[in-house]
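Every number in this text was worked out from the coordinates using simple rules, so none of it is lab data. Every value quoted in this text rests on a predicted model; they were computed, and no experiment measured them. Don't worry about glycine lacking a Cβ; one is built from the backbone with ideal geometry, like all the others, and counts go over all protein chains shown.
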Number of protein chains: 4
Amino acid sequence: MVKVGIVGGTGYTGVELLRLLARHPQAELVAITSRKEAGMPVADMFPNLRGHIDLRFCDPQEAGLDECDVVFFATPNGIAMQQARELLATGVRVIDLAADFRIQDIEVWQKWYGMEHACADLVAQAVYGLPEVNREQIKTARLIANPGCYPTAVQLGFLPLLEAGLVDERYLIADAKSGVSGAGRKAEVGALFAEAGDNFKAYAASGHRHLPEISQGLTRYAGTPVGLTFVPHLTPLIRGIHATLYARLTGEADFQALFEQRYQHEPFVDVLPFGAHPETRSVRGANTCRIALHRPQGGDMLVILAAIDNLVKGASGQAVQNMNIMFGLPETLGLELIGLLP
Amino acid sequence: MVKVGIVGGTGYTGVELLRLLARHPQAELVAITSRKEAGMPVADMFPNLRGHIDLRFCDPQEAGLDECDVVFFATPNGIAMQQARELLATGVRVIDLAADFRIQDIEVWQKWYGMEHACADLVAQAVYGLPEVNREQIKTARLIANPGCYPTAVQLGFLPLLEAGLVDERYLIADAKSGVSGAGRKAEVGALFAEAGDNFKAYAASGHRHLPEISQGLTRYAGTPVGLTFVPHLTPLIRGIHATLYARLTGEADFQALFEQRYQHEPFVDVLPFGAHPETRSVRGANTCRIALHRPQGGDMLVILAAIDNLVKGASGQAVQNMNIMFGLPETLGLELIGLLP
Amino acid sequence: MVKVGIVGGTGYTGVELLRLLARHPQAELVAITSRKEAGMPVADMFPNLRGHIDLRFCDPQEAGLDECDVVFFATPNGIAMQQARELLATGVRVIDLAADFRIQDIEVWQKWYGMEHACADLVAQAVYGLPEVNREQIKTARLIANPGCYPTAVQLGFLPLLEAGLVDERYLIADAKSGVSGAGRKAEVGALFAEAGDNFKAYAASGHRHLPEISQGLTRYAGTPVGLTFVPHLTPLIRGIHATLYARLTGEADFQALFEQRYQHEPFVDVLPFGAHPETRSVRGANTCRIALHRPQGGDMLVILAAIDNLVKGASGQAVQNMNIMFGLPETLGLELIGLLP
Amino acid sequence: MVKVGIVGGTGYTGVELLRLLARHPQAELVAITSRKEAGMPVADMFPNLRGHIDLRFCDPQEAGLDECDVVFFATPNGIAMQQARELLATGVRVIDLAADFRIQDIEVWQKWYGMEHACADLVAQAVYGLPEVNREQIKTARLIANPGCYPTAVQLGFLPLLEAGLVDERYLIADAKSGVSGAGRKAEVGALFAEAGDNFKAYAASGHRHLPEISQGLTRYAGTPVGLTFVPHLTPLIRGIHATLYARLTGEADFQALFEQRYQHEPFVDVLPFGAHPETRSVRGANTCRIALHRPQGGDMLVILAAIDNLVKGASGQAVQNMNIMFGLPETLGLELIGLLP
């Protein structure tokens, strides 16, 4: 049994970790911390967990995190970088669901996240937890930077094309749409039901924090700097990200076969038949990324559609997938989830 | 392994049975029929099942249903009563998720359902599949009438009070609200997103088919005919039923203790603390019924709040629960589901 | 032209007042105040008003409110009672959309609203702004207590029956459902899209602030104290209240005719045919209350369904209706609104 | 007064025409036809119209359409082309809200719409009713092809850039998202609340009927054939289209000024400040198209965001705007609508 701790369990990635770990046959949930809610039964805040999890939120000091095998940080940006070093020193492995360790270039990180980084040296040791790319390094990693939600969908969608060098990497476009849970469980006017409901809008179209994370990945796969235009949108659904990707072809290939081969051994990437349309509800609550390809009018623009659940493959499910890999467990353990449809 | 067949798998109770049975450790899905869609892979219609179920819809004639241990009818009303006799004769047990066997008084049934009943004698043999009431009979039943969604929530909410004889059974009120999936996967204007979305209305307030089913149950628990006013409403959520029940007290008791004791051994009924408010999302995708009590201003009106997922405890989950009981399996097998929140 | 000021225009009742007054042919919007947002163009906060309203939020001190003919308070509870006296002294009429002047019994108000009342004497002078009941007093009123949203729907639904003395006033039940905009434009976790979306729940079932307001009205219409059970619910729609009312009949009458006669001259109450089901979307954005009656199974329980838009007839529309009456304008001026359907 | 007839009033564009025309000071609604619902009061089908419109649906034969000044066709594709000639011959002007007269190349039309065209000669006479482009021709037009919803948003977004010749017209991308009302008031499984709710997907990504309509317009504005990739998506909102447009710059200019100047006299196009994000709810129920520009990281990709209400500026509102122009009325008459927010 893997002893698991969670730091900061009162947000959506926290409750999603709890949902997954409560039914995980090889995970033992030891502690979940919240300074503010210490003492409150977890199931009082998240009533879906009644009867499944008996833990109370506890103060970080009393959580005994250093006796865990792995600690997940389901905290806002800037927390894990303060606390990871100490835990790592005691042999605990760390999976950060926030952005602290995702960007290798510290100056870029500091610019986009608006704060001083607390441990640049650890960033260099961190492994970017996208198993479809970094599975081998994840196996032995001590510190995982769990990818962002948009970056997961966009990278998985572009990956085979960039690896194969078949598109003009200077003009990639990612038009992405996210459900409102992506904004977190924070009291903000813009995420109110009466604001975000029955409404659609773009946001941060001039620059979103996930842009440098995505660019870093795409540049690596392409082997050359990419030019990416990334426009995120807020759509009135609770869970789900849909990325619509546009790439200009520079060479010919059987693109469908390319994608199918690239992902044929990936348990959580599902390449649909050519011309299909993945729906976010088909992965609601599941750890799957579904992808489909289109080539409108047979021209030289390839359209890639990718759908994930932002809280599962885009956050907590991928984190558990990383945990499974790190501890030598079957990668799909506890993650054989079927999307809730309807 | 229990060999399972499903008749009529193209509706929401059908796909929900598939979702549950695909992960059920003791069920082997043998066949799923659809005259109209015979030959189509199930996962083409329900993309959430891709990678989980490889079956194709098959013609009922070629389904080999008579070699199943149990057959679920996820069909419209009036189908199971045509086909059950033959299956039962071959030793197959039958669980009907529609209304054909729910009402013992055939004339009442015919009046409310507007058709001739095809097998009145079988109705007398059918067991009403509400495990919290009929567990013993279910164990040996050959034919189960799986309860309706509203009836499940309303009966579980009133049950302890009527058994204890503590309320005026002549003036019971059930104000119930259902998500739109309760209308089924049928192309109807009233269930369109642009009609049912951002809208709230009552329907069938002068008389709904579930009224006689509920009254039959409540009358049995009370030991005397009840007077029930039942008003269903359509609310813009996909899954979920919330019943708000009003009963005038005729005696005193510790009502909270009464409910807790009545349901203390029930794995799928969760009595919340007095004064709580169960949310439908806390049981989204789960087989649980959550109940809470209120006594406004300490007066003689008791308010009972009950929430279920209409497709799980209100349909397919309860059907699988019945199957587990019928076949001597642990009652919770395959049903240890955590509500998807958010 | 009526010179109009609005205090506290950054909430939903504020923007709704603006929407209505911007197109009102006899209203001149002079000032809208917000201490916090002073200087910001109103249309920057509410982009639907771009091109329709050029005003900026201004500091209350510089608003020149004392030169208005009427001032609307679209503020939280407890503000208008601090500021009304001074305005009234200068001859300005006041319409408070909050609860400060709704309850005549100061002790009851203080208990439910948890604060000391600042001007009990003004409460006695205030007219409860439900035109269908108090039209004559409204004409000459200096201070209007604009009714709450639930109280509007529930009172209009019960009114004809209580006036006629045809129901058992000891056991009235109001099961009411509200859209999320009723919670206001406040950053609260419970009103987030990811919390309130695809979810249904009761709240404050043991006691809600609108209970004493409704009871005060119903007691007046009945001429005797009423017993009311009032359970509000939160439903995932943006605008709309649906009240389902239950009353036990104590006498016979043509109830449909009773309602039609009572409301035959009311421009904003629409009695539907017997057995109909009013939909909240049919009054989305409109100042209408639609009502329908049911008598299930011809028994002695009457069910009344009433639907309003909580922000229009339940708040800002009714406030403008009161303004029209106070200033001798046609009552429907600026309020000939058609519900937005779909 | 302009005498108005509507053919086929039972769909969403029909009820929206009714909503607008009922309050139009210079329109007299003479007849609204529906073969299927002849005799039914319009307000029975669309309860928002109760008290506003007393008409009944009538049989087309008895509608007296030839005595109207203008007839709107709010019918499925393929109807107006059967009936327009006869009406035009009697001097009635015709505005078709469907696609019959939008595409000048008959072969292209027949390919995309899958039917033989009934009156190619009339297509040549029809004026494409986008007032921002064709105002002069609309004034004297006898037959208007009212633009599609996507085409309106996409064309208004690209128009100034193509006219100015500042972008690479070979690689235009339009990523568009529509509310579900765009699918019409037709009983189809895919548009059910339980299917389209809490879900996001692309559809027709390999080719949508609005592609040739948009391309025809863009080609005209550019003066050279354009290459357009157009991917529509279905998003869970009732009304609204959001188009996110991508164009590679080939020249420099003050793009914000370019847009502001192009649209400075347009009453229904609102250019937001540079870097803003138009929301669909800001135009809910309004005839406005709101547009904003972004230039991510100052690169050579321009992003244009355009939001409309698909039923108003994308259909019925634009049709009334065309009527106003045709009959010499103020263009904004009856269309001074404020978006319903929240």
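Each residue of the stretch A:301-314 is assigned a 3J(HN,Hα), and the resulting list reads 10, 9, 10, 10, 10, 9, 10, 9, 8, 4, 8, 10, 4, x Hz, derived from the Karplus form 6.51 cos²θ - 1.76 cosθ + 1.60 (θ = phi - 60°), x at Gly and Pro.
In summary, the aspartates and glutamates within cross-link reach of B:LYS139, defined as a Cα separation below 17 angstrom excluding same-chain residues under 8 places away, comprise B:ASP69, B:ASP96, B:GLU266, B:GLU331.
GluC sites (Glu not before Pro), restricted to the stretch A:49-120: which are DSSP loop and have at most 11 other Cβ atoms within 10 Å?
A:GLU116
Across D:MET45, D:MET81, D:MET323, mean-square fluctuation computed from a Gaussian network of chain D (C-alpha pairs under 10 Å connected) peaks at D:MET45. Treating r as the C-beta distance of D:ALA257 and C:GLU252 and R0 as 60 Å, the FRET efficiency rounds to 0.20.
Once you have a ≥ b ≥ c as the square roots of the Cα gyration tensor eigenvalues for the protein assembly as shown, tell me rounded if a/c is under 1.5, and otherwise prolate or oblate according to whether a/b is larger than b/c.
On the way: a/c = 1.26, a/b = 1.00, b/c = 1.26.
Verdict is rounded for the protein assembly as shown.
Here is how far apart the A:ALA89 label points are across copies: 6.6, 8.0, 9.4 nm, shortest first, using a point 7 Å from Cα toward Cβ.
Between B:ALA118 and D:GLN110, take the C-beta separation as r, use R0 = 41 Å, and let me know the FRET efficiency to the nearest 0.05.
Values: r = 51 Å, r/R0 = 1.23.
After rounding to 0.05, the efficiency reads 0.20.
Label sites at D:THR90 and D:THR140, each approximated as a point 7 angstrom past Cα along Cα to Cβ, lie 2.6 nm apart. Against the main long axis of the alpha-carbon atoms of chain A, helix A:12-22 sits at an angle near 70°. Dividing the summed helix terms, -39500 (n - 2.57) for each DSSP H run of n ≥ 4, by the number of residues in the protein assembly as shown produces a 222 nm estimate of -8500 deg cm²/dmol to the nearest 500.
Rounded, prolate or oblate: pick one for the stretch C:103-153, where a ≥ b ≥ c are the square roots of the eigenvalues of its C-alpha gyration tensor, a/c under 1.5 means rounded, and failing that, prolate if a/b is larger than b/c, else oblate. Verdict is oblate for the stretch C:103-153.
Take every DSSP beta bridge whose two residues both sit in the stretch B:251-325, then give the antiparallel share in percent to the nearest 5.
Numbers: 5 of 8 bridges.
Around 60 percent antiparallel, to the nearest 5.
Taking chain A, how much of its Cα-Cα pair set, in percent, is spaced more than 32 angstrom apart? The calculated P(r) of chain A puts 27 percent of pairs beyond 32 Å. Shown for C:ARG35: label points 7 Å from Cα along the beta-carbon vector, and their distances to the equivalent points in the other copies, 2.9, 6.7, 7.2 nm in ascending order. What is the stretch A:2-125 by shape, rounded, prolate or oblate, if you read a ≥ b ≥ c off the alpha carbon gyration tensor as root eigenvalues and call it rounded for a/c under 1.5, prolate for a/b larger than b/c, and oblate otherwise? Since a/c reaches 1.5 and a/b is larger than b/c, the shape of the stretch A:2-125 is classed as prolate.
Restricting to Cα pairs below 8 Å that are 6+ residues apart, what does the relative contact order work out to for the stretch C:245-306? Please round to a whole percent.
Values: 84 pairs, mean separation 23.8, N = 62.
Contact order relative to length: 38 percent.
The stretch B:89-141 and the stretch C:123-141 have Cα centres spaced 59 Å apart. Per residue of A:168-177, other chain Cβ atoms within 10 Å of the residue Cβ number 4 on average. Taking B:LYS177, B:LYS313, B:LYS36 as the candidate residues, the one with maximal mean-square fluctuation in a Gaussian network model of chain B, Cα springs under 10 Å, is B:LYS36.
Three principal axis extents describe the C-alpha atoms of the stretch B:149-309; from largest down they are 48, 30, 29 Å.
Taking D:HIS277, D:HIS265, D:HIS210 as the candidate residues, the one with maximal mean-square fluctuation in a Gaussian network model of chain D, Cα springs under 10 Å, is D:HIS265.
Taking each residue of D:241-247 in turn, how many C-beta atoms of other protein chains fall within 10 Å of its C-beta, and what is the average? Don't skip to the answer; put the middle values down first.
Working: counts 1, 7, 0, 8, 1, 6, 0.
Per residue, the number of nearby Cβ atoms from other chains is 3 on average.
Would you list, by chain and number, the aspartates and glutamates whose Cα falls below 19 Å from the Cα of C:LYS111, excluding same-chain residues fewer than 8 positions away? Straight-distance partners of C:LYS111: C:ASP100, C:ASP121, C:GLU213. Partner shielding of D:270-280 amounts to 4, given as the average count of beta-carbon atoms from other chains within 10 Å of each residue beta-carbon.
At a Förster radius of 30 Å, what calculated FRET efficiency corresponds to the Cβ-Cβ distance of A:GLN26 and A:ARG56, to the nearest 0.05? Write down the numbers at each step before the final one.
On the way: r = 23 Å, r/R0 = 0.77.
Calculated transfer efficiency: 0.80.
Under 5 Å between amide hydrogens, built in the peptide plane, is the criterion, and for C:ARG93 it picks out C:VAL70, C:VAL71 among residues at least 5 positions away or on other chains. Once C-alpha pairs closer than 8 Å and six or more residues apart are averaged by separation and normalised to the residue number of the stretch D:2-125, the relative contact order reads 24 percent. By the count of neighbouring beta-carbon atoms within 10 Å, fewest first, D:ASP44, A:ASP270 end up ordered D:ASP44, A:ASP270. Label point of B:GLY78 (7 Å along Cα→beta-carbon): distances to the other copies' equivalent points are 3.0, 6.1, 6.5 nm, sorted ascending.
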